[in-house]
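Just so it is clear, none of the values below were taken in a lab; they were calculated from the coordinates. A quick note: this is a predicted structure, and the numbers were derived from the prediction, not measured. Please note: Cβ atoms are built from the backbone with ideal geometry, for glycine as well, and neighbour counts cover all protein chains shown.
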Amino acid sequence: MFFKQIYIKNFRGIESLKIDNIKQINLLTGKNNCGKTSVLESIFLLAGMSNPQLAVNIHNFRGLALIDHKDFSYLFNGFDFSKNPSITGKSESQKRTLDIKPIYPTSISIPKQVSGKHKPAKNTPISSTNTTEDVLDGLAFDFNVGKKSFRAEAKLTQGNPTNLSGINTGQVNVKLAPDYREDFRASFTNPVTIMSGLHQRIEAVLVRKESEGIIDALREIEPKLLDISLGTGGTIYADITDIEKLIPINIMGDGIIKILAILVAILEGKNGLLLIDEIENGLHYSALIPLWKAIFRMALESNVQLFVATHSYECIAAMTEVYRTWDAEEDFITLFRIDRDIEGRHRALQYEADTLLAGIEKEFEVR
Amino acid sequence: MKQNFQIESDRLLAVEGRDEYNFFDSILKHIGIKDVQLVDIGGKDKFKTEFPALYNLPGFPRVRFLGFIRDAEDKKAYAAFSSICSILKKYSLPKPEAINEPIDGKNNDGQAIRISIFIMPNNLDRGMLEDLCLESVSEKPVFGCVNQYVECCLSTLPESEESTNNSKAKVQTYLAVQKDIANSLGTGAQKGYWDFEHDCFDNIKRFLQILFD
């Protein structure tokens, strides 16, 4: 399933944003704080809408811990619990919608020290006051696939588990929708998470005998690469033609291990979705052309849809140059520059493939 | 760090290519219109693919005056005009009712914008900028020689080797006999080899003045 259209409402800083004519490989650009990461996060939540744990995870990706339910307000536009985030995605065969709502207790005893009139909270959120935030009971993921509706819930409890990024996350109790099973794969990666568990992830690829595609793609960067294998202690080795012993892949050149991690992520998302934030981070510009060659190849072979955020003109130009020489039967790339209009409303300005090719050739600013 | 193309003026003039860029840069200076940013679209077939890149630039909402100039080429002017109008329609921008008639309207941010389209050579017939330039020097004695030379060449060459664009051939020939040779129409304009005071340029000068001045 490839998304063709995404509509985001009241999610983080985005009051409203429609992204249309989405392709298989989608680049997101825009100034700092324009909402690129929020767009990626919203698509991630939509893809995994049956799992409200993701609402916590996306904050951990940003290095942010959610301590109590009030912190769920980070998801809501203007931190206002009355503005429910809503994300809709359409593919050729499916429409899915996720509405994120605060859960309030069915009855509330108003603390005596708070003056003024208060109504007991019901299932629908009431206006955002400190009082209601204080009594928030969790977060609901109300989601629809076609005409069927489901609900999953997440509640935070005090605790001290620490995730892979070393962030104290609190404990999340998740109540899944019992009659829904998600069969759509999606993953989110950024400079902090990209290398997480790479050794184990490659091991899984090797066990599934799926490494051939990755090796082929990596040969775009190192034509003499024969194979990759794993050593003890987390070392990943490369077998190179004419070199008698295996060498750690880290010493092979600019960013090859990061490219390997991206390719593994694509493979893991087979027939699904991969969201990559700041793809250029840690990569020398000379690695960008081979990176895109490898990404195109892997994404097309693995049937993965990509949304990739970048600040780098060199990264955009590299993707465009690779596409220029690609024998594409139909356009599979596009770029959306996330921007705000004069009134401050978000918009996604699209560069279709032919415009991107012409724009890069003429050195138009596309970031 | 190299700066990519950005919108720096609220007055934009989109033209077909580098020659047109240099030509209109010269004629705008000649008639005293300043602060117009020229955009080299890169060819008559590129308006459709390059205009979105221009439209998407951060500065586009601040553009107040937008002109398009392209050649009619081998079709009547209306075909080229319609082609540009369809691009404007796609981006919900005001469409002029007719060639060389500016329209005042609003862009998608609700800001005022004036848009006008000129199709070379005369907003009616087939042809191109080269035809106007040649007309501007057609009364010079040397122009007879240029015509004779090109016609002589054409009568001598086998049909398969003949130039398919006599206007371009004459422009090159005319420029080649100038004291300081110019190798293109645009460079010729910069060197003052076209007579901007000739009547044939009145329409295009009026177009620029009404749009920008």
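Remark: relative contact order (region B:129-190) = 32 percent; criterion is Cα-Cα distance under 8 angstrom and separation of 6 or more residues.
Rg/Rh for region B:93-157 stands at 1.30; both radii use Cα atoms, and Rh follows the Kirkwood definition. Annotation for A:Glu244 and A:Lys148: the two label points, set 7 Å from Cα along the Cα-Cβ direction, are 6.2 nm apart.
Between B:Glu162 and A:Lys70, the simple spin-label model (points 7 angstrom out along Cα→Cβ) gives 8.6 nm. Using the Cβ atoms and a cut-off under 12 Å, what net charge is assigned to the surroundings of A:Ala186, where Lys and Arg are +1 and Asp and Glu are -1? Every neighbour counted, the sum reads -1.
Which of rounded, prolate or oblate describes region A:194-259 when judged by the alpha-carbon gyration tensor and an a/c cut-off of 1.5? Rounded, because the longest to shortest axis ratio a/c is under 1.5. Our compactness index for chain A, the C-alpha radius of gyration over the empirical 2.2 N^0.38 Å, is 1.07. Calculated from the alpha-carbon coordinates, chain B shows an Rg and a Dmax of 18.1, 60 Å respectively. Once R0 is set to 22 Å, what does the formula 1/(1 + (r/R0)^6) return for the Cβ-Cβ distance between B:Tyr78 and B:Asp199, expressed as a FRET efficiency to the nearest 0.05? After rounding to 0.05, the efficiency reads 0.40. Measuring from centroid to centroid over Cα atoms, what is the spacing of region A:169-220 and region B:137-203 in Å? First find each Cα centre; the distance between them is then 66 Å.
Here the sum of -39500 (n - 2.57) over DSSP H runs of 4 or more residues, divided by the residues of chain B, equals -12500 deg cm²/dmol at 222 nm, to the nearest 500.
Across chain A, C-alpha contacts under 8 Å between residues 6 or more apart give a mean separation that, scaled by the residue count, equals a relative contact order of 21 percent.
Relative contact order for chain B: 22 percent, from Cα pairs under 8 Å spaced at least 6 residues apart, divided by residue count. Against chain B, whose longest principal axis is taken from its Cα atoms, helix B:141-156 shows a tilt of about 80°.
Note on chain B: with charges restricted to the Cβ of Lys and Arg (+1) and Asp and Glu (-1), its dipole about the Cα centre is near 840 debye. Label-to-label distance, B:Lys44 versus A:Phe79, with points set 7 angstrom from Cα along the beta-carbon direction: 6.0 nm. Anisotropy class assigned to region A:23-105 is oblate, per the alpha carbon gyration tensor with a/c at or over the 1.5 cut-off and a/b no larger than b/c. For chain A, what is the percent of antiparallel DSSP beta bridges, rounded to the nearest 5? Antiparallel bridges make up about 75 percent of those DSSP assigns within chain A. Separation of region B:109-135 from region B:29-87 is 9 Å, based on Cα centroids.
Rg/Rh, computed from the Cα trace of region B:127-173 with Rh as the Kirkwood radius, has the value 0.98.
In sequence order, region A:245-250 has phi-based couplings of 10, 5, 10, x, 5, 4 Hz under the Karplus curve 6.51 cos²θ - 1.76 cosθ + 1.60, θ = phi - 60°, and Gly or Pro positions carry x.
Checking the Cα-Cα distances for A:Lys4/A:Lys362; A:Lys270/A:Lys293; B:Lys170/B:Lys205; A:Lys23/A:Lys155; A:Lys4/A:Lys270; A:Lys95/B:Lys48 against a 25 Å cut-off, the pairs over it are A:Lys4/A:Lys362; A:Lys23/A:Lys155; A:Lys95/B:Lys48.
When the Cα convex hull of region B:1-127 is projected onto planes of every orientation, the mean area is 7.8 nm².
For B:Glu130, what charge total do you get from the other residues with a beta carbon under 10 Å from its beta carbon, if Lys and Arg give +1 and Asp and Glu give -1? Net charge in that neighbourhood comes out at -2.
Which of rounded, prolate, oblate describes region A:189-361, given a ≥ b ≥ c as roots of the alpha-carbon gyration tensor eigenvalues and a/c under 1.5 marking rounded, otherwise prolate only if a/b is larger than b/c? Prolate shape, in that a/c is at least 1.5 and a/b is the bigger ratio.
Ranked by the mean number of other Cβ atoms within 10 Å per residue, highest first, peptides A:94-106, A:38-50, B:43-55 order as A:38-50, B:43-55, A:94-106. Amide H contacts for A:Ile103 (H built 1.01 Å from N in the peptide plane; partners 5 or more residues away or on another chain; cut-off under 5 Å): A:Asp137, A:Gly138, A:Leu139, A:Ala140.
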